[in-house]
1. When the residues of region 212-225 are filtered to those that are aliphatic (A, V, I, L, M) and modelled with pLDDT under 95, which remaining residue is most open to solvent (accessible area, probe 1.4 Å)?
2. Would region 190-201 turn up any residue that is closer than 22 Å to ASP121 by Cβ, touching a helix residue (DSSP H, G or I) at 6+ places or on another chain (Cβ under 7 Å) and surrounded by 14 or more Cβ atoms within 10 Å (Cβ to Cβ)?
3. Out of region 265-300, which residues are assigned to a helix (DSSP H, G or I) and under 11 Å from ALA247 (Cβ atoms)?
4. Could you give every pair whose Cβ atoms fall below 6 Å, whose first residue belongs to region 171-182 and is of a type in the set (S, T, N, Q), and whose second residue is not in a strand (DSSP E or B), counting only separations of at least 6 or pairs across chains?
5. Pairs, please: C-beta under 7 Å, at least 6 apart or cross-chain, first residue in contact (Cβ under 8 Å) with a residue 12 or more places away in the chain and in region 248-262, second among the charged types (D, E, K, R) and assigned to a loop (DSSP other than H, G, I, E, B)?
6. Pairs only if they're at least six apart or on different chains, beta carbon under 6 angstrom, first in region 30-50 and closer than 13 Å to ASP296 by Cβ, second of a type in the set (Asp, Glu) and part of a strand (DSSP E or B); list them, first residue then second.
7. Would you confirm, using the coordinates I've provided, whether GLU224 is closer than 29 Å to HIS87 by Cα and out of contact with any strand residue (DSSP E or B) (no Cβ under 9 Å at 6 or more places or on another chain)?
8. For region 255-264, indicate whether the set of residues that are among the polar types (S, T, N, Q) and crowded, with 18+ Cβ neighbours inside 10 Å is non-empty.
Amino acid sequence: MATAARERRLPPALPLATLIGRELRAGGSERPALRYGHAGFAKRGEDYFLVKPDCLRVPGDPASAFSVFAVFDGHNGVSAAVYSKEHLLEHVMSALSPDIGREDWLQALPRALVAGFVKADIDFQRKGEVSGTTATLVVIDGFTVTVASVGDSRCILDTQGGELQLLTVDHRLEENAEERERVTASGGEVGRLNLFGGQEVGPLRCWPGGLCLSRSIGDMDVGEFIVPIPHVKQVKLSNTGGRLIIASDGIWDALSNEAAAKACRGLPAELAAKLVVKQALKTSGLKDDTTCVVVDIIPSDHLTSPQLSPKKNQNKLKSLFRRRSHSSVRKLGGKSASIGSVEELFEEGSAMLEERLGRNLSLKAASPPFRCAICQVDQEPFQDLMADNGGGYCSSQYAPWGGPCLCLDCRKKKDAMEGKRCSRSTACR
């Protein structure tokens, strides 16, 4: 059950096309250079990361280049983290058409990320393994940065002016009241571990399963209310660029966002990642796997990493979530809001697929009328399925919904995540 949407007042909005045109007129047709580095220490060996700087929207067309960086923090084994590293991007790309232009591709990307995360979760659970993982996936196309995340791995943006912005939301039950409400409304129980004698210890967990997170990929041994639907944030940097720090909770449990950024300002990305990890270990020791990926987005006329100089009393952390997990700045309406030197293009964190996938928009241009919006498999009409007025399928045992076409398995998955079916062990087969 979704809570009431919370909207905040925004400055006058600008279409995404206007922002891209402004970039071109300002001489920004040259893509920024990327410099990146990664570092980490293993305690359990369940952290994984992904670095793919040379992806193409259109095969063979270098003008369609984009880059992907990700961190996966596994638990209860490495299987889910390894699977996500190898297949999550593939599932996201399967929901995007290579025949659309850059503006349409960027506008379709948030929905494709939702479809890709859910598809990865369904496919991994079919393996019958109980492992789970966080996932923070960052897509960089020019100066536009899109971040999708489940769990408590985090991505922050440090700009030239020393302003920090949080591009993810921590899906920890201990800290996220909205997620606690969603989980209990969907049939889960939230509480601490009970020792003999009734003593409660440790962080809040979801039962059954005892997971501290409310969103993840995998975790088929817990309830379907632990969902793989990501929070998605899309921003456009100014032509001065910026630095992204993507890391697992082994970093963030030891360092604040400000401390992590300050520890590596003025250093090249590869050294910066090592310094962040070193500072985390110095602060709290090796209590968990620690993984950090640093990405510098550098204007084409600057071939060195941005020198992000610290400014006392000017580091202002702006969480772009602001307790808005069910609201959005732009739901693919082509609008944006300006926040400092960063244009805020899109944000949505709802756990409801109908809100995330929309009713009338296809993820792929000219998609067949009966292609599942999640698994991207063409469906043949048969007796147990029927199309509703919105062009989607629904089983005769369920009420029609207003979203796009879903196959029966994905429809069952959707209903299970909303508390309408039984646990993950029987949801998707």
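1. Taking region 212-225 first, the residues aliphatic (A, V, I, L, M) are 213, 217, 220, 222.
Next, only the ones that are modelled with pLDDT under 95 stay: 220, 222.
On the way: MET220: 35, VAL222: 6 Å².
So, considering only residues that are aliphatic (A, V, I, L, M) and modelled with pLDDT under 95, the one most open to solvent (accessible area, probe 1.4 Å) is MET220.
2. Within region 190-201, one or more residues are closer than 22 Å to ASP121 by Cβ, touching a helix residue (DSSP H, G or I) at 6+ places or on another chain (Cβ under 7 Å) and surrounded by 14 or more Cβ atoms within 10 Å (Cβ to Cβ).
3. ALA273, VAL276, VAL277, ALA280
4. Matching pairs, first to second residue: none at all.
5. Going by the 7 Å Cβ cut-off, the qualifying pairs are SER248/ASP289; ASP249/ASP152; ASP249/ASP288; GLY250/ASP288; GLY250/ASP289; ASP253/ASP288.
6. Cβ pairs passing all conditions: ARG35/ASP296.
7. On the way: closer than 29 Å to HIS87 by Cα: yes; out of contact with any strand residue (DSSP E or B) (no Cβ under 9 Å at 6 or more places or on another chain): yes.
Taking the combined requirement at face value, the residue satisfies it.
8. So in region 255-264, the residues among the polar types (S, T, N, Q) come out as 256-257.
Restricting the remaining residues to those that are crowded, with 18+ Cβ neighbours inside 10 Å gives 257.
There is at least one residue in region 255-264 that is among the polar types (S, T, N, Q) and crowded, with 18+ Cβ neighbours inside 10 Å.
The values are calculated or read from the model by the stated rules, or taken from the named source; none is laboratory data. In this text, all values refer to a predicted model and were calculated from it rather than measured experimentally. Ideal geometry is used to build each Cβ from the backbone, glycine not excepted, and the neighbour counts take in all protein chains shown. Ligands, DNA and RNA are stripped out before the accessible areas are found, and what is left, the full protein with its side chains, is counted by its heavy atoms. Shrake-Rupley method; radii C 1.70, N 1.55, O 1.52, S 1.80 Å.
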